[in-house]
Amino acid sequence: MKKLFTLIAFFVVSITFAQNVTITGTVTDGESGEPLPGANILVKGRASGTITDMDGKYSLSVSEGATLVFSFIGYTSQEVAVGSKNVIDVALTGSSLDEVIVVGYGTQKKKNLTGAVGTLSSEDIGSQSVTSAANALSGRVSGVQLIQGSAQPGNDAPTIQIRGIGTVRTSVDGQNSDSAPLVLVDGVQSTLNDVHPNDIESFSVLKDAASAAIYGARAANGVILVTTKRGKSGKPKVSINSYIAFQNATTTPSMLSSYDFARLKNEAQTNTGRPEVYTQEELDLFLNGGDTRYSRTGFFDEGYRTGAPLQNHYFSVTGGTEYVKYMFSAGYQDQEGVVIETNSKRYNFRSNVDVKVSDMVRTGFNISGSLTDSNEPNYGGLGVTQFIRDMIRKAPLNPLRYDNGYISSGNVVLAGRTDGAIHPIGLATEGGNDNTKYYRATPNLYFELEPVKDMVFRANGSVYVQDRKQSFFRSKMTVSDGEGITTANGLGEYRETDLLSTTSTFELTGRYNKTLGKSTLGGMLGYTSQAYRQDFLSASNEGYNNSLITELEGASLNPSVTGNASEWALESFFGRVNYDYEGKYLAEFNVRYDGSSRFGENNRFGTFPSFSVGWNMAKEDFMSSLKDVNELKLRASWGQLGNQNIGNYPSIATINLDQPYVFGNSLVGGAAARALANPNVKWETTQTSDIGLDATLFNYKLSLTADYYVRKSLDVLLSPPVVATLGNLTPPVQNQGEVENRGYEFSLNYYGNIGSEFQYSVSGNWSHNDNKVLKLDEEFLSANKVLTKEGYPINSFYGHVITGIFQSDAEAQDAETFGAQPGGSLVSAGDYIYEDTNGDGVVNSDDRVIIGNPNIRNTFGMTLTADYKGFNFRVLFQGVLGRDVENGVYGTDGLRDYSNLTTAFLDRWTPENTDTDIPRVATGYKYNNSLFVGPAISSAIVDASYLRMKHIELGYTIPVETISKLGLSNARVYVSGQNLLTFTKFVEGYDPEDAMTFNNVNDSYPQAKSFTMGVNLSF
Amino acid sequence: MKKYIAFILTALCLGCADLERYPLNSIGAPEFWATSDDATLGINGVYNVLAHNHMYRDFMRHSDALADNAYSQYSFNYYLEISEGRGFDASSVWPWNFWKKSYEGIVRANEVLLNVPEITMAENTKNRILGEASFLRALFYFHLTNLYGDVPLILSKQTVEESLVPRNPKAEVVAQIIADLDFAINNLPPSYGPSDLGRATKGAATALKSRVYLYNKQYSEAIQAANQVKALGYDLLPSGSYKDMFLPALENNSTESIFEVQFLGKTGTGGVGSAFNASSGAIQAFGDVPYSPLQELVDVYETGDIRKDITVLQPGQSFAGEEFNPIRSQTGFALIKGVIEDPTITDDGDANFVVIRYAEVLLNLAEAENELNGPTTIAYDAVNQIRNRAGLDDLPTGLTKDQLRTAIKKERRLELAFEGHYYFDILRYGASDLQASMENVTSVTGHERVYDPKLLMWPVPQNEINIDENLLPQNTGW
């Protein structure tokens, strides 16, 4: 760091001068021939330059042999060597006209695109510091929803949904993976966790069926194509990007202090006719101190770290000759978590080599790999999630350590009580460590043959190997109840697991393009096969007396071992034809014929067709008078995609061998069927219709994309329940039901400048999605809270409506007498009033109604950038409008045992405080106010909408002449902040992005807000 | 050009994917049921169901909390809803869990009974396995008839399409239970070698038959079956062994115990430990004892009854070397019958669950004899054997039939407390006993129990009716 500042100081004082010649000329729009006022002309490698006048003319003094760079916002830059010329006229073309984007099995000029594809380039991402590549998509691409959930280092990949949830099975299993899109990195099925963000050249998100149909069976939830950087001809270019950041939790849960807890616990005991637990003397000790056995500190001061450091370093070399081009990179990230005892290191490398063997033959070998090494507290075998939950749920009654120096066992000696758990901070710091390592490698070899111009055959093979090695060490602890000491936290337990998975892919494609007069016809045919296998092994031992040896050989009590394996395979044929008439009329047809091992012989193969058309209206004569319209394209598409996410063997009936029993005091094996199979199960089909519009206006300054889509999932794969008299077996997967996602998306970019020095851009996007189950034979309720039912969104909250709080016992008993409470539970003043929605005089499970929708309705993002004389500023806002989440911390479980409550309960109902919507406190199980196990209640459904300043950054690019002496071609320093500002009405103390699924806001790893300083250097 | 085509074709074949993929961790159903090993694995898989939470690992033991023997504070187990009659309806979880688990066992037993006859194997082993399956199927159906009355009688393999069945009359199901038990009696051995200890015996089937007849008021048959058990050589253990009968010290190895659900403490993956052992640790370490004997039970013990201190931990007493702190229990008492005295056990424990023992057979005999022939010597003698072993004197002579019935009920309640009998006994005694049992509980504030005649039977689970309307009509009152 110190070195860097010395360098910068040096650059600032060194300025050079040279002898000049004068160049004049005009800069025009290449399409219309109109002059371009305000275009930039810079001398390459120097800070000097000028801009064109109102007629597009310029005049500039330069040294001979210089190179001029002509640029204009929205247009592709051009470089012209001065040579002996005195007049240089330049026609620039709109950059969007040339923009080439990556699509399935190929590339396409954006102007010829007929499907709905969202893109994000490395320039757009800039130096935004994201710990996981997927986070770069947040707020950037319309139609893409990121649900963050846990932000734990090494485990912070968000859940990605493209255009909503299409498959009902998600809600059956509670597994979001079923709605996750297919991710391909350079054409190889992979995960975004594997890629260093700086390696990424571009993202392409294939949103509609027409774009994604070429991926057939796996593409129902959309496709994300990631392209990594590749070498270009020229001398080696070295890039170094480094930053360090300091992170804090965005917000800290606000829980009752020991004094308030004890006070409310007493009140709750009294409210339910029980004796008080804490004496006045004890309350005083909690409030004022005086006895170290009575704690006065909450958990979060020690459990959360402030200024947790994060550093990320990236190094790459690119370059090449006519015959060989290369890109090597290496990345390193070291992140301490905002929760103590959590951290993660990640090492990445990548090598992309392309070789031109002859004019006809090209080949290349790419390999990338990574190691992620993450730690978290073992925490009694339950990990950091339970640690966070305990910091929220446990009352902070005991000190971390007693005066004898030992960690509290959870006993409160004086009162003879116990909360039965070692102090959370003590258990987290001394209870052992869990480690997860992911080793990933993806070698990929290709050959390309171009026997005739524009006819290319390509074969490539790749293997994606991932090995997850985990170790779990639960160490014995010595704890104290304030007097004696005792051992706790198990027997000293160690477990090691290994999950090796490989995906081998082979692909063969051939493509040919032919221009005949005004028509261009292109075609592609391909074959691919893919095989997956995973092998799992787990072994454990117990009896570790200390933490010195954490290997399996370190003990020999209760040894145990288990393992399993599974496989699937795919085989597919696909093809594409596209037609283009004068760039005006575009049409494309795709088809894929997919076979999967997951389906029985009867339905092994499925066909997925799609077609799309486009009309570039701006090229029509009748539009030529509209000078402000540079481009205007209408698109329409229709297509079908498949979903095979149903487990590996749904069509095969099996007998499980994991049903043991005990005879003669020894374990013996047992066998039984656990699940029903359906030999006729077939693909779920998702059918998407999309109409869209792309426009570019005002000299390419404003571009706009809008889409409207209807996405229907047909023959939805789900497991409707079957009667238990079949043997209490897992229901077979069946094809039934229909789900619809319908929505629109806008994105807009505006580039502007004030003079030649100040440039700015505004870009924004908005996506709306409505989810609805169109057909479903059998509704189903998950976790007693969310219902999937015909006519409603998937996973709608289903429960009781709370209309208020009983203000008097008489009122409450009246209601009780008339059965107007669920199950006729005992109620008093201060308890919730449940609505008798069907008016039958009794409140019971029949009164439950839909009370919320956890599906995200709107997502939006906005980016502003400004550049002035080497300074650049950018800010990204991102948000969600319309998402309901159950507040899992609200009321937790009503002061049962030693469960803490949020400070919201300081405003609970009491006879003195009646104007509140927080019910009275009560001990133990009270059906009325508790949502611990009961059905959802409307008062606990909260709006998780938010607007967040995701990223703000100020950078300075040091002028080239200052740094060129050191061989640097680019040097930039910046400071930035992440998640610095959030506007939300979500639960106080919780981050709206914490909520992964519908109701687990109470144990999510906290989001970080961070302050970053970084530098980007190129040689 | 030719060589390119050759290259392409070669590459294609290299890439050929085999789409025939079969499970690697489990056997395809058609390949199973081929050898005697499969038959053994299959019958063991039926026993496996017994060790589940919703059967003997948790529910049966704690079913006493559904009557006035105990209180369960944990709402998520639904004991409260059922015991208090509040919030208990056809959608409640317990009736569904128990229904599901019972049919899981029944269908597994059916699979054995349908497939094992086809296997070529030693005839005596085959018959024994078929006998075990018949016994277990009878046990599962017996529980079902006690809680739900009429239930579907499933004896063959069904497809999803065939599965929407109606309920069969209880009498028809009971007849099948008796037939299964008779088959078991004829095919099961009286005892096993060391490695098979825990399998159902001729005695288990005979004793269960006496219970089934008693429950169905076929008293002479109940007496006959009880006498047949005695003839097999079973007897009561001495007083000094009473406590250990429920602990690993004596499991599977006493003249009194007839059938036990087998548990083994922590043995790594696949271990089958009993949940209730965990309460040992709970008494010492946790904030609240989840299942607590009620004051109303403690009051029933006569002075000198050794069973009181073996069953209930009371204030002032110590357990596992530590004085019991009654604040940890909602009732001030903790259950210790069958709980291993080892505070380090906070997870699965070793102790078996005694399902059938000779003391019950004697009480079956006493009750059936009294109902059939009045207060005879046979009835007196059977009850007095139980009382004497508990350290109590003989019953006073000259009791009327009603008085003796009351005495037998009390003895059954105390002797078999927390062994999965009391709640079922209360249900079969009928409405007035259930009402008395519920209204008797006043010692836990805020948990008064509200009687409703419908509570005599559980509702057919609504989740099942939702799929199969043929299960209607629902039981009375639900």
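What follows is calculated from the coordinates using simple rules that are stated; it is not laboratory data. This one's a predicted model, so the numbers in the text were calculated from it and none came from an experiment. We place every Cβ from the backbone using ideal geometry, glycine too, and count neighbours over all the protein chains shown.
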Report summary line: Length gained if A:Val465 through A:Val561 is fully extended, taking 0.36 nm per residue and subtracting the Cα-Cα distance, is 32.2 nm
Query raised in the report: Just counting partner chain Cβ atoms within 10 Å, what average do the residues of peptide B:42-53 show around their Cβ?
Result: 5
Query raised in the report: Going down the table (A:Lys235/A:Lys356; A:Lys207/A:Lys619; A:Lys109/A:Lys950; A:Lys469/A:Lys950; A:Lys232/A:Lys514), which pairs top 23 Å between alpha carbons?
Result: A:Lys207/A:Lys619; A:Lys109/A:Lys950; A:Lys469/A:Lys950; A:Lys232/A:Lys514
Report summary line: In deg cm²/dmol, rounded to the nearest 500, the helical mean residue ellipticity at 222 nm of the protein assembly as shown, built from -39500 (n - 2.57) for every DSSP H run of length 4 or more, is -6000 deg cm²/dmol
Query raised in the report: If you stretched the chain out fully between A:Glu601 and A:Lys518, how much longer would it get, using 0.36 nm times the residue separation minus the C-alpha to C-alpha distance?
Result: 25.2 nm
Query raised in the report: What are the GluC sites (Glu not before Pro) within the range A:571-636 that DSSP puts in a loop, where the Cβ has at most 15 other Cβ atoms within 10 Å?
Result: A:Glu582, A:Glu620
Query raised in the report: Using r as the Cβ-Cβ distance of A:Leu774 and A:Thr24, and R0 as 51 Å, what FRET efficiency do you calculate, to the nearest 0.05?
Result: 0.15
Query raised in the report: Counting other C-beta atoms within 10 Å, which of A:Ile214, A:Ile240 has the fewest, and how do the rest follow?
Result: A:Ile240, A:Ile214
Query raised in the report: With each label point set 7 Å from Cα along the Cα-Cβ vector, what nm distance links A:Ser59 and B:Ser318?
Result: 10.9
Query raised in the report: Among the DSSP beta bridges whose two residues both lie in the range A:21-94, what percent are antiparallel, rounded to the nearest 5?
Result: 85
Query raised in the report: Tell me, how many Å apart are the Cα centres for the range B:372-418 and for the range A:247-263?
Result: 60
Query raised in the report: What is the calculated FRET efficiency for B:Gln474 to A:Asp814, with r their C-beta to C-beta distance and R₀ = 25 Å, to the nearest 0.05?
Result: 0.25
Requested in this report: Could you work out the local net charge near B:Tyr219, counting Lys and Arg as +1, Asp and Glu as -1, over the other residues with Cβ closer than 14 Å to its Cβ?
Outcome: +2
**Report entry** Translational diffusion coefficient (Stokes-Einstein; Kirkwood radius from C-alpha pairs) of the protein assembly as shown at 37 °C, 0.692 mPa s, in µm²/s
**Finding:** 90
Query raised in the report: By the scheme Lys and Arg +1, Asp and Glu -1, what is the net charge of all other residues having a beta-carbon under 10 Å from that of A:Leu787?
Result: +2
Query - the range A:625-706: trypsin sites (Lys or Arg not before Pro) falling in loop per DSSP and having at most 13 other Cβ within 10 Å - result: A:Lys627
**Report entry** Cα lying deepest toward the dipole's positive end in chain A, options A:His423, A:Tyr581, A:Pro992, charges on Cβ
**Finding:** A:Tyr581
**Report entry** Evaluated over the range B:363-460, the Cα radius of gyration and Dmax, each in Å
**Finding:** 15.2, 45
Requested in this report: Among the lysines, select those whose C-alpha is under 28 Å from the C-alpha of B:Lys217, and discard any that sit fewer than 8 residues away in the same chain.
Outcome: B:Lys100, B:Lys101, B:Lys170, B:Lys202, B:Lys209, B:Lys230, B:Lys401, B:Lys409, B:Lys410, B:Lys454
Query raised in the report: How crowded by other chains is A:357-369, given as the mean number of beta carbons from other chains within 10 Å of each beta carbon?
Result: 0
Query raised in the report: Between the range B:158-218 and the range A:543-596, what's the alpha-carbon centroid distance in Å?
Result: 48
Report summary line: Simple spin-label estimate for B:Tyr22/A:Thr803, 7 Å along Cα→Cβ, in nm, reads 6.3
Query raised in the report: Using the Cβ atoms and a cut-off under 14 Å, what net charge is assigned to the surroundings of A:Lys229, where Lys and Arg are +1 and Asp and Glu are -1?
Result: 0
Query raised in the report: Between B:Asn466 and A:Phe1011, how many nm apart are label points set 7 Å from Cα along the C-beta direction?
Result: 5.3
Query raised in the report: For peptide A:556-567, how many partner chain Cβ atoms fall within 10 Å of a residue's Cβ, on average?
Result: 3
Report summary line: Rg/Rh of the range A:193-277 (Cα atoms, Kirkwood Rh), to two decimals, equals 1.42
**Report entry** Backbone N under 15 Å from the B:Ala171 label point (7 Å along Cα→Cβ), restricted to the range B:130-150
**Finding:** B:150
Query raised in the report: What residues from the range A:689-713 fall in the zone where the backbone N is under 16 Å from a label point 7 Å along the Cα-to-C-beta line of A:Leu626?
Result: A:692-706
